[in-house]
Structures are given as structure tokens and as C-alpha cells.
Amino acid sequence: MRWNNEMRDQMRVKLDYNNMMDTFVGDEGFTEKDFENSKALCNHAYEVVKANRGKGMMGWTELPYNQGEVVEDILQTAKEIRKNCENFVVLGIGGSALGPIAVFQALCHLHHNDLPKSKRKAPKFYVEDNVDPERMEALLDVINPEKTIFNVITKSGATSETMTQYLIIMDILKKRLGDKAASHMIATTSSAKGNLIKITKQEGLKTFYIPDSVGGRFSELCPVGLLPAAVLGIDIKLMLDGAKYMDKMCMRKDYKKNPAMMSALLQYLSINRGKNISVMMPYADSLKYIADWYCQLWGESLGKAVDKNGALVYAGQTPVKSLGVTDQHSQVQLYTEGPFDKVVTFLAVENYRSEVVISNGCEEFPDVNFLCGHTMNELITAERKATEYALTVKKRLNHTIYLPEVNAFTIGQLLFLFEMKTAFIGEMLNIDTYNQPGVEGGKNATYALLGRKGYEEKREELANAPAKNDKFVI
Ligand code: PA5
């Protein structure tokens with residue numbers, strides 16, 4: 001069933017930024033005048049983003065519109081995988097892993113892998129985004145590679161972590177399955193660059209392509225995220241439709257009506273007032289890893305030493321993930337009474353997919369009994385509102401993004417909203433939102449340490465770095 005406009009409008013994701021205003025948080029907050037003074041900056045950000053849509057590294061803006069054929073191929077492939085395999089394992093890291101993890105957590109059963117097959121209706125799902133040897137061994141303890149499809153995802157086709165996993169798994173598959181090994185490995189990579197594309201041709205792997213104009217952290221809505229999601233039975237067309245719906249709002253020229261522009265501006269103004277930490281706090285376990293995904297998007301896109309003119313700016317705002325209500329009992333004390341250096345973004349869900357009534361009992365203990373008859377839904381909502389209030393009375397900047405429900409349409413909106421917000425603030429900060437020289441630095445040093453050809457100079461540089469002093473190891 002496709003959604004009509006009324007259904008879409010009912011599922012609109014909304015931004016409430018009352019608690020960023022001086023009327024709520026006093027002189028810590030912003031005024032209408034602050035916004036008026038930023039109008040030119042917003043218009044500039046808007047024009048640059050509009051002009052560059054689909055160009056350079058902004059291919060991600062067009063993903064909701066230009067993947068008709070790819071989506072059909074993905075759905076067909078996913079159908080086969082769902083029919084034939086017990087496990088689906090993503091091998092990837094960073095932007096090639098965080099999106100699939102976030103969407104899985106948001107849109108699948110919270111104990112998906114523990115469900116019996118009849119209820120799960122999709123393969124068990126794992127994302128291996130580290131090279132901890134214990135984790136690799138643990139994975140191999142719980143899956144039978146012969147009943148597993150692996151999806152190696154790396155745009156560059158060169159990331160050591162991912163290629164390490166590929167080498168290990170392909171070796172196992174070849175030893176166990178001989179000629180059939182290739183049918184257990186699907187690659188998602190750049191069509192033009194890197195080694196993986198050459199390997200896929202040599203090995204005859206089914207391959208999906210990451211457009212050159214789409215960077216890792218902006219890639220969830222291309223085959224990087226769409227194939228795993230489709231394998232899990234998620235309605236990927238609806239997710240893309242959600243992104244499209246949000247795109248319309250994010251291309252509103254009036255910055256006060258544009259949720260991505262407004263949230264970018266609020267964060268930009270906050271940074272200028274020394275709020276160097278952006279806390280993402282969903283009040284839903286399903287959105288827990290959206291916060292992780294956001295942290296990469298925000299941290300890697302904005303953390304830049306130089307601006308577009310080459311001037312040293314050391315831009316960025318440190319993203320922190322926090323989970324409501326869990327982290328009320330660990331982090332909120334700091335957010336409420338610690339330094340005035342944070343902006344908190346709450347993610348609120350209006351209708352949870354389950355309702356659980358709190359059972360009767362403990363009649364002789366009124367301090368416990370008051371909970372009875374309420375629902376957990378009421379409790380989590382009350383706790384979110386209470387935390388929002390507690391922060392606000394302590395003059396702590398916070399705002400809330402409301403999801404009417406967590407579903408493929410609202411998740412598509414949310415992902416696109418954050419991507420557009422990142423694009424706009426990148427222009428406000430005048431930085432290159434899409435590069436990651438700091439990440440490349442680490443990658444190159446690893447290549448050098450492990451003796452990759454062409455990295456001799458780097459190896460030399462590392463060898464000549466000052467030796468550690470035992471005096472400072474205690
Ligand atoms: O956002 C990015 O570009 C990075 O975080 C990459 O996603 C990450 O480094 C993995 O790169 P690749 O997909 O090339 O293996």
C-alpha cells in the first residue's frame with residue numbers, strides 16, 4: 001500500500017525549538033532579532049546548497065529521486081536472500097556501517113536475532129564494524145558461513161578494517177564452498193575507484209554501486225543502507241519517500257519555515273556562544289543508534305582545521321550520544337548543572353509501537369503504587385518532559401524533534417533532515433563538509449605500519465616519531 005498525502009502529513013517530523021529562545025531560557029537563549037541578523041547567512045547557505053545539489057559530493061541530495069532501477073535490483077536480490085539464507089552479515093565501518101545499524105535498530109524488532117525464524121521473517125542480522133579478533137571469532141561461533149550472505153561495503157575499496165574482514169571471510173567461504181563462495185558475498189563499492197571493484201570482477205561477485213558523489217556518512221539512502229534494509233523486510237521505497245517529503249521542507253527558502261535550516265542556525269549560533277557539545281538524546285531504544293549515526297555525520301563533517309579559504313578555524317561541535325531515560329541516571333546531572341557548553345536535542349516519539357500497562361501491586365507502598373495503572377508509554381513521555389523542563393529551568397539550551405511514530409517514512413525524514421542540517425551548517429561555517437583528512441591520516445598511518453607499498457615515507461616518519469618515555473608509564 002502506498003501512502004497518500006494525508007497519511008504523509010500525519011507522519012510529519014517536527015522541530016520544536018521553544019527552549020532555545022530567551023523567553024524560556026533567559027539570556028542563554030536566542031531572540032527573534034538574532035534570527036533576523038542571521039537572515040543573510042541562511043540565504044547564503046540555502047543558495048549554495050541549492051546550487052550544488054547533485055553535484056560534487058552532494059549526490060546524496062538526489063538519492064530519493066534517482067534510484068528507480070537500483071531499488072528494483074535491491075528488492076529482487078533481497079527477496080532471494082530472505083528466501084535462502086539464515087544470516088546476513090555486513091562487513092564495513094564508519095559510514096558503511098552506522099546507517100545500516102541505525103535503521104535496523106529503528107525498524108526491526110528490538111530482539112530481532114533472538115526471535116524464532118517464523119516470527120523474524122528475515123535473516124539474523126550482524127554488522128561487523130571492528131577488527132577486534134575476539135569479535136570475529138565470536139561471530140564465527142554463532143553463524144554458519146554456508147547459510148550466510150555477507151555484504152562487504154566500502155566505498156574506497158581500500159579500508160584496512162573492511163578488507164581484513166573480507167579476506168578472512170572469503171578464505172573461509174572458499175575453503176568450505178569452493179566455486180560457490182562467490183554466491184555468498186555481495187559487494188557494495190565505488191564503480192570506479194579502489195581495489196574492491198577489481199576484486200568483485202575477478203571473483204564474479206554481485207555488486208551494488210556507491211555513487212562517486214555520495215560520501216560514506218551520507219550514504220545510508222543508497223545501496224549501502226538500502227540492501228541491508230530490504231533484506232530485513234523494511235519498506236525502502238517508503239523510507240526514500242520520507243526523505244523526499246523532508247527534502248521539500250528543507251528546500252523552503254523561508255529559513256523560519258525550513259526545519260533543517262532552522263536547526264542548523266540554532267546550532268551555529270550556539271557554537272558561537274561556546275556551546276561546543278551537541279548531545280543527541282532519543283527517548284526510544286529504537287532510535288539509540290540514530291544517535292551514533294548522527295555523531296559520525298556531525299563530527300566528521302564539521303570537525304575541520306581549515307575553512308574553504310584555507311584559514312585555520314578548528315571548526316566543529318563535539319557530538320555526544322545519550323539515551324533517554326537510561327542516561328537520565330548517568331549524564332543528565334552534568335547536562336543540568338555542569339558547564340554551559342551543550343545543546344541537547346531530544347528525539348521524542350509520540351506513539352510507540354507497543355503499549356505496556358504497569359501492573360497493579362505494592363498497595364501498601366503508595367510511593368510505588370502510584371505507578372500502577374499508568375502505561376510505560378506515559379512514564380517515558382513524562383520523564384522526557386520532566387528532563388526537558390529540568391534543563392530549561394536551569395537555562396540549558398534544548399530542543400525536541402518529534403516523530404509521530406517510528407516507521408520507514410519517519411526514519412527517511414529524520415535521516416534526510418540531519419543530512420540537510422549538516423549541509424547548511426557546513427556552509428554557515430564555510431568549511432568543506434564532505435572531506436575527512438583526519439580520518440585519511442589515520443588510515444594512511446595504518447597502511448604504513450603494516451608495510452603497504454607506497455607508504456614508505458609515512459613509515460619512516462612514524463619510525464622517527466619521538467619514542468615514548470617509560471617515566472610516564474606507571
Ligand atoms: O564518512 C566517511 O567517508 C567515512 O567515515 C567512511 O565511511 C569510512 O571511513 C569507511 O570508508 P569506506 O566506505 O571507504 O570503507
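The values are calculated or read from the model by the stated rules, or taken from the named source; none is laboratory data. All values derive from a computational prediction rather than experimental measurement. Glycine also receives a Cβ, built like all others from the backbone with ideal geometry; neighbour counts cover every protein chain displayed. The area values use the complete protein model at the heavy-atom level, side chains included, leaving out ligands, DNA and RNA. Shrake-Rupley method; radii C 1.70, N 1.55, O 1.52, S 1.80 Å.
What's the local net charge at L196, with K and R +1, D and E -1, over the other residues with C-beta under 12 Å away? Before the final figure, lay out the partial values.
Details: positive: K155, K193, K198, K201; negative: E203.
The answer is +3.
If a/c stays under 1.5 just call it rounded; otherwise compare a/b with b/c (prolate if a/b is bigger, oblate if not). Do that for region 60-237, with a ≥ b ≥ c from the square roots of the Cα gyration tensor eigenvalues.
Details: a/c = 1.40, a/b = 1.07, b/c = 1.32.
Rounded is the answer for region 60-237, as its axis ratio a/c remains below 1.5.
By DSSP, what percent of the beta bridges with both residues in the chain are antiparallel, rounded to the nearest 5?
For the chain, the DSSP antiparallel bridge percentage is about 15.
Tell me the volume per residue, in Å³, of the convex hull enclosing the alpha carbons of region 364-437.
Hull volume over Cα atoms, normalised by residue count, gives 173 Å³.
Work through the residues other than S213 whose Cβ is under 13 Å from its Cβ and net out their charges, Lys, Arg +1 and Asp, Glu -1.
With Lys, Arg at +1 and Asp, Glu at -1, the neighbours total +2.
Taking a 20 Å limit on the Cα-Cα distance, which of the listed pairs K121/K180; K50/K193; K79/K288; K124/K147; K257/K421 fall beyond it?
Violating the 20 Å limit, Cα to Cα: K121/K180; K50/K193; K79/K288.
Which three extents, in whole angstrom, do the alpha-carbon atoms of the chain cover along their principal axes, largest first?
Sorted from largest, the Cα extents of the chain read 67, 60, 58 Å.
Just name one of G204, I93, G194: the one whose Cα is farthest towards the positive end of the charge dipole of region 60-237 (beta-carbon charges, Lys/Arg +1, Asp/Glu -1).
The one lying farthest along the dipole's positive direction is G204.
Excluding ligands and nucleic acids, what accessible area in Å² is computed for K174 using a 1.4 Å probe, to the nearest 10?
Solvent-accessible area, nearest 10 Å²: 90 Å².
Say the dipole of the chain comes from +1 at the beta carbon of Lys and Arg and -1 at that of Asp and Glu; which of A230, A182, Y283 then lies farthest toward its positive end?
Ranked along the dipole, the leading option is A182.
Share of the chain's accessible area from carbon and sulfur, percent, 1.4 Å?
Carbon with sulfur: 52 percent of the solvent-accessible area.
Considering only DSSP states other than H, G, I, E and B, which GluC sites (Glu not before Pro) in region 329-374 qualify as loop sites with at most 11 other Cβ atoms within 10 Å? Can you show the working numbers first?
On the way: sites: E337, E350, E355, E363, E364; in loops: E355, E363, E364.
Taking region 329-374 and a limit of 11 other Cβ atoms within 10 Å, the loop GluC sites (Glu not before Pro) found are E355, E363, E364.
Given a 1.4 Å probe, how much area per residue of the chain is accessible, in Å²?
Working: 22460 Å² over 474 residues.
Per residue, the chain has an accessible area of 47 Å².
Ranked by accessible surface with a 1.4 Å probe, highest first, in what order do K471, K193 come?
Reading off the accessible areas and sorting them downward yields K471, K193.
Rounded to the nearest 20 Debye, what is the dipole magnitude of the chain about its Cα centre when Lys and Arg each give +1 and Asp and Glu each give -1 at the C-beta?
1260
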